[in-house]
Amino acid sequence: MSRYPHYTYLSLTTREAQNVGHKVYIQDLITSGQLETAPRRRARLREHHVFLCGNPKMIGVPEVDRATGAVSYSQPPGVIEILTA
């Protein structure tokens, strides 16, 4: 990582047996403000690029009604909806 000093990889796993009772969701870290205040992660989310991989519900890709163009998000809100609100 010394080659990319401004790159941070944050692994949040929720389905592994060792995480039972200790699940951490990225949506919760963002909405609580913990992600922006965590040491070494000082993320100003409006100023950064975020790359997500995982469950589509977590990512929160919106559905677009082809007839009206209306955008709807699944519930609970995914990361895309939280960051674009």
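The values are calculated or read from the model by the stated rules, or taken from the named source; none is laboratory data. This structure is a prediction, so every number in the text was calculated from the model and none was measured. Reconstructed Cβ throughout: ideal geometry from the backbone, glycine too, with neighbour counts over all protein chains shown. Surface areas here come from the heavy atoms of the whole protein model, side chains and all, with no ligands, DNA or RNA. Shrake-Rupley method; radii C 1.70, N 1.55, O 1.52, S 1.80 Å.
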>> Any residue in region 13-24 that is open to solvent by 70 Å² or more (accessible area, probe 1.4 Å) sitting within a Cβ distance under 8 Å of a residue that is assigned to a loop (DSSP other than H, G, I, E, B)? List the pairs, counting only those 6 or more apart or interchain.
In response: K23/T14
> Restricting region 12-27 to residues that are touching a helix residue (DSSP H, G or I) at 6+ places or on another chain (Cβ under 8 Å) and not in a loop (DSSP other than H, G, I, E, B), which is nearest to L52 (Cα to Cα)?
Replying inline: I26
> For region 64-85, how many residues meet the condition of being within 22 Å of Y25 (Cα to Cα) and free of Cβ contacts under 8 Å to residues at least 40 places away in the same chain?
Replying inline: 8
> Do you know which of the residues in region 59-76 that are modelled with pLDDT of 85 or more and within 21 Å of R15 (Cβ to Cβ) is nearest to the chain's Cα centre (by Cα)?
Replying inline: I59
>> If I filter region 26-58 down to residues being aliphatic (A, V, I, L, M) and modelled with pLDDT under 80, which single residue comes out as farthest from L83 (Cα to Cα)?
In response: A38
